[in-house]
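Below is one structure, written out as structure tokens; comments come after it.
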Amino acid sequence: MNTSRALLYSFTDPTFRPLKSPPDISSPKRRPRERLNFRVRLHADHRCCVFRVSVRNSGRGETGKVYADVKSERYEIVDSVPESVKLEKDALEDVVLDSTMPWWEEFPKRWVIVILCFSAFLLCNMDRVNMSIAILPMSAENNWNPATVGLIQSSFFWGYLLTQIAGGIWADKVGGKKVLGFGVIWWSVATILTPVAAKVGLPFLLVVRAFMGIGEGVAMPAMNNILSKWVPVSERSRSLAFVYSGMYLGSVTGLAFSPFLIHQYGWPSVFYSFGSLGTVWFAAWLSKAHSSPHDDPQLRPAEKKLIFAKQFFQGTC
């Protein structure tokens with residue numbers, strides 16, 4: 001038989017008494033320090049537990065503690081197990097314990113967003129510089145003079161200038177995912193339509209190139225919006241440097257592959273191939289990206305805690 005001591009009630013001042021007082025087990029005829037014995041019986045389904053409690057008042061009036069010496073007695077337990085605690089054998093067979101995860105599932109989600117932004121800027125400059133190479137055979141085919149060539153080259157920046165500030169305001173309202181996704185698919189479609197517009201006429205080509213500038217103009221503010229929410233301040237410099245490097249890599253890639261494609265398949269192939277890459281990126285963006293960590297149901301709690309903890313800490317310093 002084991003004996004243990006438990007603190008039943010403690011009070012030091014009437015002001016700090018609990019709202020619900022313990023049951024009154026005292027007797028007015030008992031002396032202050034006389035021991036009080038009583039039994040506690042607990043019932044749960046087919047089980048019964050009996051405890052003998054011995055309580056002795058401290059006899060100090062309004063200040064003191066009431067302890068109980070609890071001694072466990074024999075209790076009865078039936079042989080049968082209650083239905084509420086039975087475990088089916090089939091249920092245990094369905095449990096699979098696997099502590100290993102594929103590396104792509106353990107890869108930080110915030111860096112998935114960074115890589116997708118990097119890819120978007122790579123495509124951005126690939127689609128922008130391909131006209132610098134394709135304009136030579138295009139002008140020879142359509143007999144454009146240098147003034148017309150300069151007009152076509154500058155039409156891209158008409159739309160590009162119009163959406164820089166508007167893209168930032170739009171990203172703040174609807175989120176960076178929607179704005180950047182819109183920008184990539186918009187300029188990719190405009191890139192694919194460039195050969196068709198060139199065959200229809202010069203005004204249509206100027207409009208398509210301006211539309212392409214509209215799509216690329218929202219990319220920069222949308223990217224800044226989404227990275228500001230996903231990447232902590234301590235990692236923001238390296239992530240922005242990585243994303244911006246995609247622009248320069250896109251220029252190198254576009255200028256390197258455009259002559260090869262033009263020589264092998266003709267100048268329209270540059271716009272068709274580069275524009276098609278944007279649709280592939282857009283499909284990955286829809287399935288993997290979210291405007292904020294709050295919107296991502298698959299984000300691991302540890303990474304979400306890391307993102308918000310670092311953002312909060314840096315913001316309060």
_Exposure of E106 as accessible area (Å², to 10), given a probe of 1.4 Å and all protein chains_ = 100 Å²
_Whole-Hz ³J(HN,Hα) from phi, Karplus 6.51 cos²θ - 1.76 cosθ + 1.60, for segment 258-265, glycine and proline x_ = 4, x, 5, 5, 5, 5, 8, 10
*Just how large is the dipole of segment 93-252 about the Cα centre, in debye to the nearest 20, putting +1 at every Lys and Arg Cβ and -1 at every Asp and Glu Cβ?*
680 debye
*Please pull out the direction-averaged projected area of segment 105-221, using the convex hull of its alpha-carbon atoms, in nm² to one decimal place.*
8.0 nm²
*asked:* Let's see if you can work this out: charge +1 on each Lys and Arg Cβ, -1 on each Asp and Glu Cβ, no other charges. What is the dipole magnitude of segment 169-317 about its Cα centre, in debye to the nearest 20?
replied: 260 debye
*Which net charge results for the neighbourhood of I226, defined as the other residues with beta-carbon distances under 15 angstrom from its beta-carbon, given Lys and Arg at +1 and Asp and Glu at -1?*
+4
*Lys pairs in segment 107-261, Cα-Cα under 22 Å, at least 8 apart or on separate chains: how many?*
6
*List, in order, the whole-Hz ³J(HN,Hα) value for each residue of segment 267-283 obtained from phi through the Karplus relation with A = 6.51, B = -1.76, C = 1.60 and θ = phi - 60°; use x for Gly and Pro.*
5, x, 5, 4, 6, 5, 6, 5, x, 5, 4, x, 5, 5, 4, 5, 5
_Under Karplus coefficients 6.51, -1.76 and 1.60, residue-wise ³J(HN,Hα) of segment 190-196 in Hz, glycine/proline x_ = 5, 5, 5, 7, 4, x, 5
*What does the charge count near L122 come to, summing +1 for each Lys or Arg and -1 for each Asp or Glu among other residues with Cβ under 13 Å from its Cβ?*
-1
*Please arrange I192, I115 by accessible surface area, largest first, computed with a 1.4 Å probe and ligands excluded.*
I115, I192
*asked:* If I model a spin label at V174 and V189 as a point 7 Å from the Cα along the Cα→Cβ vector, what separation in nanometres do I get?
replied: 1.2 nm
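The values are calculated or read from the model by the stated rules, or taken from the named source; none is laboratory data. Remember, predicted model here, so these are calculated numbers, not experimental data. With ideal geometry, Cβ positions are generated from the backbone for all residues, glycine too; neighbour counts draw on all protein chains shown. With ligands, DNA and RNA removed, areas are computed over all heavy atoms of the protein, side chains included. Shrake-Rupley method; radii C 1.70, N 1.55, O 1.52, S 1.80 Å.
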